[in-house]
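Undergrad: Before I ask anything, here is the structure I am working with.
The values are calculated or read from the model by the stated rules, or taken from the named source; none is laboratory data. Just so it is clear, the structure is predicted and the values come from calculations on it, not from any experiment. Cβ: placed from backbone, ideal geometry, glycine included. Neighbour counts: every protein chain shown. These area figures cover heavy atoms from the full protein model, side chains too; ligands, DNA and RNA do not enter into them. Shrake-Rupley method; radii C 1.70, N 1.55, O 1.52, S 1.80 Å.
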Amino acid sequence: MAAAMALVRGVRFGSYSIGRSRSLIFNSLQRRGIAACVDPSIGLTDEQKEFQKVAFDFAANEMAPHMAEWDQKEIFPVEAMRKAAQLGFGGIYVNPDVGGSGLSRLDTSIIFEALSTGCVSTTAYISIHNMCAWMIDTFGNNEQREKFCPDLCSMQKFASYCLTEPGSGSDAASLLTSAKLQGDHYILNGSKAFISGGGDTDVYVVMCRTGEKGPKGISCVVVEKGTAGLSFGKKEKKVGWNSQPTRAVIFEDCAVPVTNRLGAEGEGFSIAMKGLNGGRINIASCSLGAAHASVLLARDHMCVRKQFGETLSNSQFLQFKLAEMATKLVASRLLVRQAAVALQEGRPDAVSLCSMAKLFVTDECFAICNQALQIHGGYGYLKDYAVQQYVRDIRVHQILEGTNEVMRMIIARSLLTES
């Protein structure tokens, strides 16, 4: 809790103390009262409002001015992320004894929503990094926690989550990457696909097969960059998420110490899924930030763009569209926050709510951003306008962390098994 209080008091913020003026998003909220209905600070505690302001300020000052350049030049903004880590954003829900901020899942969602207004792609990577740090903190022993977590929380080192393979996407339990025990090492062979940060990061949390077919034969090991037998594929060319590199991660007789295994043999799939429950809330929160920014951009464009002798804001059709966008945004935010609380409390509905949040929010927020682009007309399709980047960056949120089709399967299974 001490780290959380440090956030509130601004001790760790350097030049981004909470006493500074509000971010561009908050200034926009103040300029036009109609946006108060989508104010993301409504319902939050004073403490949550304070670190939300800090996240918005960081997004506006350190991320938004560079968002287009990072996208176009495919820059992995290491120094910007390390600045975020100085604010406590490198291990938001990691325990303070190993350098984390010790905040809740709801607090984390609030922060990622705010950061994502400045750059979805970078925030999404930060969310994956946080998930990996949490997995080591939660399932690692004290030696593993002390070895890996401090450098991850400070972002002196970066982490990647390695589950998906070329032949096992949604059917994750069918993964083939093998880990054969030889003495005090596992010898890994296989490959992982679509790994965020792959090749540029330092720590790889890898799900691999140590036993029988199916989920019970999967274990989780931490592989460090520089390990003999670890290599990477080409950097993928993507529609969005261009501020984070994506590569295949390849293991060829890669020897990993048994001491790098998280939990017991056979617990890897469970560890992976528990990580993803939080990851689904995180990625939905990143979608919220993009949608929130897009609603404000669409509103501001409507107030200045003239057609047929009047501003677009006088068109009842577009007024209704804007109202629908705002309603979907607020409904999405409420669902994410409900799921975050359920996960924090360990409630029996947590897994289903995380899946519902990921399904509903990533679908609806993409629709919001896409509608905002439409309201911009031809200008929305130009890279001079930020709305197109929000559209490109959040499209993948409907695919990763479990596709939205898999989310439907999880929700339906819960309903049918409980009936």
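Undergrad: Just check the stretch 94-253 against the gyration tensor rule for me: Cα atoms, a ≥ b ≥ c as the square roots of the eigenvalues, rounded for a/c under 1.5, and otherwise prolate or oblate depending on whether a/b exceeds b/c. Write down the numbers at each step before the final one.
TA: Numbers: a/c = 1.75, a/b = 1.28, b/c = 1.37.
It comes out oblate by the Cα gyration axes.
Undergrad: Quick check for you: with a 1.4 Å probe and neighbouring chains kept, what is the accessible area per residue of the chain, in Å²? Before the final figure, lay out the partial values.
TA: Numbers: 17060 Å² over 419 residues.
For the chain, the per-residue accessible area is 41 Å².
Undergrad: For the chain, the longest stretch holding no trypsin sites (Lys or Arg not before Pro) located in a DSSP loop with at most 10 other Cβ atoms within 10 Å is which? Walk me through the numbers before you get to the answer.
TA: On the way: sites that count: LYS234, LYS237.
In short, 1-233.
Undergrad: With charges set only on the Cβ (+1 for Lys and Arg, -1 for Asp and Glu), what does the dipole of the chain come to about its Cα centre, in debye to the nearest 20? Let's see the in-between values first.
TA: Details: 43 positive and 41 negative charges, 167 e Å.
Rounded to the nearest 20 debye, it is 800 debye.
Undergrad: Relative contact order for the chain: what percent, with Cα pairs under 8 Å and sequence separation of 6 or more? Show your work: numbers first, answer last.
TA: Working: 802 pairs, mean separation 62.2, N = 419.
Result for the chain is 15 percent.
Undergrad: Taking only C-alpha pairs under 8 Å that are 6+ residues apart, what is the relative contact order of the stretch 210-270 in percent? Don't skip to the answer; put the middle values down first.
TA: Working: 85 pairs, mean separation 31.7, N = 61.
In percent, rounded to a whole number, it is 52.
Undergrad: Could you compute Rg(Cα) / (2.2 N^0.38 Å) for the stretch 48-188, with N its residue count?
TA: On the way: Rg = 16.9 Å, N = 141, 2.2 N^0.38 = 14.4 Å.
Relative to the 2.2 N^0.38 Å estimate, the stretch 48-188 comes out at 1.17.
Undergrad: Now for a different question. For the stretch 234-281, take every pair of Cα atoms, bin their distances at 5 Å starting from 0, and report each bin as a whole percent.
TA: Pairs per bin, as whole percents: 4, 14, 13, 15, 23, 18, 10, 2.
Undergrad: Just to confirm my numbers, what's the Cα centroid distance between the stretch 104-163 and the stretch 393-407 in Å?
TA: 19 Å
Undergrad: Stick to the Cα atoms of the chain, pair each with every other, and give me the Kirkwood hydrodynamic radius in Å at one decimal.
TA: Values: mean 1/r = 0.0460 Å⁻¹.
After inverting the pairwise mean of 1/r, the radius is 21.7 Å.
Undergrad: Roughly how tilted is helix 404-417, in degrees to the nearest 10 and between 0 and 90, from the longest Cα axis of the chain?
TA: Between the helix axis and the principal axis of the chain, the angle is about 70 degrees.
Undergrad: At 25 °C and 0.890 mPa s, grab the translational diffusion coefficient of the stretch 265-333 from Stokes-Einstein with a Kirkwood Rh over Cα pairs, rounded to a whole number in µm² per second. Numbers along the way, then the final one.
TA: Working: Rh = 14.6 Å.
Stokes-Einstein gives a translational diffusion coefficient of 169 µm²/s.
Undergrad: Something else now. Mind pulling the per residue volume of the convex hull built on the Cα atoms of the stretch 303-419? Å³ is fine.
TA: Working: hull volume 14.1 nm³, N = 117.
That works out to 121 Å³ per residue.
Undergrad: Say a site is exposed when it is one of the GluC sites (Glu not before Pro), sits in a DSSP loop, and has at most 10 other Cβ atoms within 10 Å; what is then the longest site-free stretch of the chain?
TA: Working: sites that count: GLU212, GLU418.
The longest such stretch corresponds to 1-211.
Undergrad: Moving on. For the stretch 338-386, which whole-number percentage of the solvent-accessible area (1.4 Å probe, protein heavy atoms only) is attributable to carbon and sulfur atoms? Could you put the intermediate results ahead of the total?
TA: Working: 1250 of 2290 Å².
The value for the stretch 338-386 is 55 percent carbon and sulfur by accessible area.
Undergrad: Considering only protein heavy atoms and a probe of 1.4 Å, how much of the accessible area of the stretch 266-337 is carbon and sulfur, as a whole percent?
TA: Values: 1670 of 2800 Å².
It is 60 percent, rounded to a whole number.
Undergrad: Using all alpha carbons of the stretch 106-185, what is the percent of pairwise distances in each 10 Å bin, ordered from the shortest bin to the longest?
TA: It works out to 15, 32, 38, 12, 2, in whole percents.
Undergrad: Students sometimes get this wrong: rank HIS301, HIS185 by accessible area, probe 1.4 Å, all chains present, largest first.
TA: I get HIS185, HIS301, largest accessible area first.
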